[in-house]
Amino acid sequence: MAEPKRLFLIDGSALAYRSYFAFIRNPLINSKGENTSAVFGFTNALLKIIREYKPDYLSVVFDTATPTFRHQLFPAYKSTRAKMPREMSDQLPRIRQVVAAMNLSVVEQEGFEADDLMGALARRAEEKGWDVILVTGDKDLLQLVSQKIKVLNPGRGGEGAQILDQIKVQEKFGVSPNKVVEVLGLMGDTSDNIPGVPGIGQKTAIDLIQRFGDIETAIARAREITNKRVRESLLKNAAQARKSKELVTIKVHMGLAVDVESFLLREFDIQRLLTLFRELEFTSLMGEISLKESAEEVTYAVVSTKKDFSQLLGRLQEAGSFVLDLETTSPDPMRAEIVGFSFATMVRQAFYVPVAHQEGSNLSLELVLDGLRPILADERIKKCGQNLKYDMTILVRHSCPMQGIEFDTMVASYLLNPSSRRHNLNLLSLEHLGKRKIGLEELIGKGKDQKSFAQVPIDLACKYSCEDADFTLRLRNILRGKLEELSLSDLFAQVEMPLVEVLAQMEMNGVCLDIDFLRGMSEELEGELNGLMVQIYEMAGEEFNINSPKQLSAILFDKLELPVIRRTKTGYSTDEAVLEELARDHSLPRKLLDFRQLMKLKSTYVDALPRMVNPETERIHTSFNQTVTATGRLSSSQPNLQNIPVRTEFSKKIRQAFIAPDEDHKIFSADYSQIELRIMAHLSQDPTLIDSFRRDEDVHARTAALVFGIPEKEVTAELRRRAKVVNFGIMYGMSAYGLARQLEITHQEAGQFIEDYFQLYPGVKEYVDGTIRLAQERGYVTTMLNRRRYLPELNSEQSSVVAFAKRTAINTPIQGTAADLIKVAMIEVYRELKRRGLKTKMIIQVHDELIFEAPLTELDQAAQMVQAKMENAMELKVPIKVDIGVGKSWYEAH
């Protein structure tokens, strides 16, 4: 006997709402500033349903904006519901586009809700003998559950999806599906403003229907109800109970000119869907759809003879521009060995040169490098790639430096979409080309079974690597146009691309580490931690696992009865913010914070840094990340030098481990002084602030003197500290509330402080208001070099979200310009070091500071040159000041 046909009916409106609110705390925003949370969640859910359940028929059912028969029956129906957020309503057309591209049928009819339409359609399909699944979280539809109709509840808050059949409904509601309307009629539904019977909740309603069978019988036999309050309320509100039951009853009989046979699930319009996903930037979903690509004529060839290689070299020279990609044995460029090279000079054509495969015919690495060396060194021949910094580092290690790098697709993607942290070739190919690339794991596996790329057969390696080069070339052609369209070409060509070479060299330079010092510091920290542990146990009155949130929570909130600040899904929060709050009134939380800080210092830096030393160079080689932060700042990893804390003496001492290699060298630091304040003075054009910097005054002391109306010589350290908090706070969009907390003053005093500040610096006030206004008009803010950051949150209906977006709008042009400035300075310094032939090395960049390692014979010359280049990297209306420090270690230099 044939399996019955399966129909899935999707409550589209409910699914869209559920998807929107699932991302409410962290909305998905694409590079155009479009909130795509609801669209993404909705699309992902549809794809999952189709993939996992494989329905034969499917339709998406929507509510309409017009009132329904329920509004006529009960004018207050749904009157308490909040208006649909604009960020949500703006996404509905996109959701319709997705449904259309997936070739799914849509049902909607004025005067009826999606529930009624789903009910009517389900009954029609049931009469045909089909199995029906209603995809909804609405409990009203449980009344339709039968032998052939079930409800699929998508789940929320981390709960998985659940299919509810007759048995499950009985377990959930304590009654059979056909009695659900009786329960709902008594208990009402606050979300729809259906009143029910006052004083009767779900438990009581279930008890009454289990006993009497239905509402009418319960009313007729009300005298048998022993609970006086329930009995009287039911009799008094009998008419309301009947009306509530009518409101929750699904209307399955209606004139609906739709044939369920038309819901047959059809093939997606793949190209239309891919185009839409690219617009929405749903790169992760591109891999979810079945790409039926037309066979593409490509020529991917292995170069395994000297003659073929010689011809390839000629082709690269003649082309004047090519894509290069290396296949290696490790993601660490300081340890990776080259297995093969791929090249592309025109789309759909690429060449693979194997040099170290374990099987097959390889050319010698020495032969290949000798042939490539003059081409790679020729600046006139332009090189392109994906993550060129990696390839450059490996090539330099093999005495084959590469000049003339022109285009990095990863960097271009980052400039176009700085809020995204994923710019790998797989996703870029899906997003911009609609092509699914061969995955590396398909060739080498993963986990304990992973093999080296050298073990991959040459024919498979050729297809994989040539595809990389070919797709990279195609992406270059697309992304170049997008950069021009957004006026980002200059920033890309003059700052971001030259910086690639600078960062590659810095990573190769590395920095020396004093391992003995760190060993001693580790022992010292161990002693401090043991001492803190004893103090914590004494304060707690017992020993417990300090690193267990559950045990710590029991001590703080159960035993010591400290106030609960915030709850989590699993209990009470004991995070840093909570402990800081509790530390105001109790000493134990402060000790816990100290313990955590020292523990993190020890595990993340003091004990971990020695393990990161490269055995060949005896240096640490951090990775400088160019494509991570939304503001344009660099970050670093392995180790993360940006995050080394500096608040305590212990944390400051970690920098003492970063040292000069010997007595003939020194470390020197070049640190921009108050650069973000100077940029704010430039952008705001405030005459008073500009004058302070031009006079080289203590800006914080002058601000304090002006705000408090006293001579500058009478400004105390505390008053200067307050003024400093305000100066930087204004720049970061700090509110009166935030200022009050930081200065420990009243909200009113903080508000007055800010008001006085803006009266003294009216240009700053104009900058703040003007920047926010422009951001609201355009949807983004820019730096002085035109770096963009989109801020769709400015249109949110949540005041806290808008407030954060406004703070970001104020600060991003300042912080982003500071990031651009130091990048320009790094490029200029790097070029001048090369021009002069100096041995001084740029080794670390952290925020507004550059760290160098210099021979004593060059120290003065190098420091003076660096200071001059940094101070003149960008022209501002105020002087740019750089402080130079020198020492045996980073700690001493800083």
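Would a scan of region 638-650 turn up a residue that is in a helix (DSSP H, G or I) and in contact with a Phe, Trp or Tyr (Cβ under 7 Å, 6 or more places away or on another chain)?
No - not one qualifying residue is present in region 638-650.
Can you go through Thr703, Thr746 and tell me which one is β-branched (Val, Ile, Thr), in contact with a helix residue (DSSP H, G or I) (Cβ under 7 Å, 6 or more places away or on another chain) and surrounded by fewer than 14 Cβ atoms within 10 Å (Cβ to Cβ)?
Thr746
Within region 706-721, can you find the residues that are crowded, with 16+ Cβ neighbours inside 10 Å and modelled with pLDDT of 85 or more?
Val715, Leu719, Arg720
Listed here are the residues, each with its yes/no results for (1) within 14 Å of Leu582 (Cβ to Cβ); (2) touching a residue at least 40 places away in the same chain (Cβ under 8 Å); (3) assigned to a loop (DSSP other than H, G, I, E, B).
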| position | (1), (2), (3) |
| --- | --- |
| Phe517 | no, yes, no |
| Leu525 | no, yes, no |
| Gln535 | no, yes, no |
| Glu538 | no, no, no |
| Asn545 | no, no, yes |
| Ala554 | no, no, no |
| Leu562 | yes, no, yes |
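Looking at (1) surrounded by fewer than 18 Cβ atoms within 10 Å (Cβ to Cβ); (2) more than 38 Å from the chain's Cα centre (by Cα); (3) at pLDDT 95 or above, find the lone condition where Leu372 falls short.
For Leu372, the failing item is (1).
Do we find that Tyr77 is of a type in the set (Ser, Thr, Tyr), farther than 15 Å from Leu285 by Cα and within 23 Å of the chain's Cα centre (by Cα) in this structure?
Spelling it out, it is not the case that Tyr77 is of a type in the set (Ser, Thr, Tyr), farther than 15 Å from Leu285 by Cα and within 23 Å of the chain's Cα centre (by Cα).
Name every residue in region 565-616 that is in a helix (DSSP H, G or I), surrounded by 15 or more Cβ atoms within 10 Å (Cβ to Cβ) and hydroxyl-bearing (Ser, Thr, Tyr), in order of residue number.
Within region 565-616, Thr604, Tyr605 qualify.
Determine which member of the set Ile219, Ile167 is over 29 Å from Gly111 (Cα atoms), in contact with a Leu (Cβ under 7 Å, 6 or more places away or on another chain) and surrounded by fewer than 21 Cβ atoms within 10 Å (Cβ to Cβ).
Selected residue: Ile219, the only one of Ile219, Ile167 that is over 29 Å from Gly111 (Cα atoms), in contact with a Leu (Cβ under 7 Å, 6 or more places away or on another chain) and surrounded by fewer than 21 Cβ atoms within 10 Å (Cβ to Cβ).
For region 284-303, which positions are buried (at least 16 other Cβ atoms within 10 Å of the Cβ) and modelled with pLDDT of 95 or more?
Scanning region 284-303 gives Tyr300, Val302, Val303.
Give the residues of region 839-894 that are buried (at least 18 other Cβ atoms within 10 Å of the Cβ), of a type in the set (Gly, Ala, Ser) and either at pLDDT below 95 or in a helix (DSSP H, G or I) (or both), sorted by residue number.
Ala862, Ala863, Ala893
Pick from region 402-420 the residues that are assigned to a loop (DSSP other than H, G, I, E, B) and of a type in the set (Gly, Ala, Ser): which of them is modelled with the lowest pLDDT? Working first, answer last.
Our first condition is that a residue be assigned to a loop (DSSP other than H, G, I, E, B); within region 402-420, this holds for 402-404, 417-420.
Still in the running and of a type in the set (Gly, Ala, Ser): 404, 419-420.
Numbers: Gly404: 97, Ser419: 80, Ser420: 77.
Only one residue tops the list, namely Ser420.
Looking at (1) farther than 19 Å from Thr80 by Cα; (2) surrounded by fewer than 23 Cβ atoms within 10 Å (Cβ to Cβ), which is the only condition Glu182 fails?
Going through the list (1) farther than 19 Å from Thr80 by Cα; (2) surrounded by fewer than 23 Cβ atoms within 10 Å (Cβ to Cβ), Glu182 breaks only (2).
Among the listed residues Gly729, Gly733, which satisfies the condition of being in a helix (DSSP H, G or I), modelled with pLDDT under 85 and within 24 Å of Thr631 (Cβ to Cβ)? Steps first, answer last, please.
Values: Gly733 fails: in a helix (DSSP H, G or I).
Of the residues listed, the single one that is in a helix (DSSP H, G or I), modelled with pLDDT under 85 and within 24 Å of Thr631 (Cβ to Cβ) is Gly729.
Regarding region 72-79, can at least one residue be identified that is touching a residue at least 12 places away in the same chain (Cβ under 8 Å) and part of a helix (DSSP H, G or I)?
The first filter runs over region 72-79 and keeps only residues touching a residue at least 12 places away in the same chain (Cβ under 8 Å), leaving 73-74, 76-79.
Restricting the remaining residues to those that are part of a helix (DSSP H, G or I) gives 73.
For region 72-79, residues touching a residue at least 12 places away in the same chain (Cβ under 8 Å) and part of a helix (DSSP H, G or I): present.
Can you confirm whether Thr43 is buried (at least 17 other Cβ atoms within 10 Å of the Cβ), in contact with a helix residue (DSSP H, G or I) (Cβ under 7 Å, 6 or more places away or on another chain) and more than 29 Å from Asp259 (Cβ to Cβ)?
Criteria not met by Thr43.
Name the single residue, out of those in region 612-669 being at pLDDT 90 or above and aromatic (Phe, Trp, Tyr), that is farthest from Gly520 (Cα to Cα).
Among them, the one singled out is Phe624.
Quick one: which of His432, His423, His357 is part of a loop (DSSP other than H, G, I, E, B), under 26 Å from Arg789 (Cα atoms) and in contact with a helix residue (DSSP H, G or I) (Cβ under 6 Å, 6 or more places away or on another chain)?
Every option except His423 fails the conditions.
With the structure loaded, tell me whether Arg647 is among the basic types (Lys, Arg), farther than 19 Å from Met539 by Cα and free of Cβ contacts under 8 Å to residues at least 24 places away in the same chain or whether it fails that test. Walk me through it before giving the result.
Numbers: among the basic types (Lys, Arg): yes; farther than 19 Å from Met539 by Cα: yes; free of Cβ contacts under 8 Å to residues at least 24 places away in the same chain: yes.
Yes; evaluated as a whole, the condition is true for this residue.
May I ask you to list the residues in region 459-496 that are more than 24 Å from Leu821 (Cα to Cα) and of a type in the set (Val, Ile, Thr)?
Across region 459-496, the qualifying residues are Thr472, Ile478.
For Ile381, indicate whether it is out of contact with any His (no Cβ under 9 Å at 6 or more places or on another chain) and at negative phi.
Working: out of contact with any His (no Cβ under 9 Å at 6 or more places or on another chain): yes; at negative phi: yes.
Answer is yes for this residue.
Please list, ordered by first then second residue, the pairs with beta carbon atoms under 8 Å, 6 or more apart or interchain, first in region 259-283 and closer than 30 Å to Gly119 by Cα and at pLDDT 80 or above, second of a type in the set (Lys, Arg) and in a helix (DSSP H, G or I).
Val260/Arg124
Residue check, Val339 against (1) of a type in the set (Val, Ile, Thr); (2) outside any strand (DSSP E or B); (3) in contact with a helix residue (DSSP H, G or I) (Cβ under 6 Å, 6 or more places away or on another chain), all met but one. Which one?
(2)
In region 432-459, what count of residues is obtained for those that are of a type in the set (A, V, I, L, M) and touching a residue at least 40 places away in the same chain (Cβ under 8 Å)?
Taking region 432-459 and keeping what is of a type in the set (A, V, I, L, M), we get 433, 438, 440, 443-444, 454, 456, 458.
Subset that is touching a residue at least 40 places away in the same chain (Cβ under 8 Å): 433, 454, 456, 458.
Matching residues across region 432-459 total 4.
Residues of region 1-40 being within 30 Å of Glu261 (Cα to Cα), under 19 Å from the mean Cα position of the chain (by Cα) and hydrophobic (A, V, I, L, M, F, W, C), which ones?
Once the filter is applied, which keeps residues that are within 30 Å of Glu261 (Cα to Cα), under 19 Å from the mean Cα position of the chain (by Cα) and hydrophobic (A, V, I, L, M, F, W, C), region 1-40 yields Ala38, Val39, Phe40.
Could you go through region 460-472 and let me know if any residue there is outside any helix (DSSP H, G or I) and modelled with pLDDT of 95 or more.
Within region 460-472, the first condition is being outside any helix (DSSP H, G or I), and the residues that meet it are none.
Among the residues of region 460-472, not one is outside any helix (DSSP H, G or I) and modelled with pLDDT of 95 or more, which makes the answer no.
Looking for whichever is assigned by TED's automatic domain parsing to the domain that holds Val98 and acidic (Asp, Glu) here; the options are Asp269, Asp259. Which one fits?
On inspection, the qualifying residue turns out to be Asp259.
The values are calculated or read from the model by the stated rules, or taken from the named source; none is laboratory data. Since this is a predicted model, take the numbers as computed values, not measurements. Cβ: placed from backbone, ideal geometry, glycine included. Neighbour counts: every protein chain shown.
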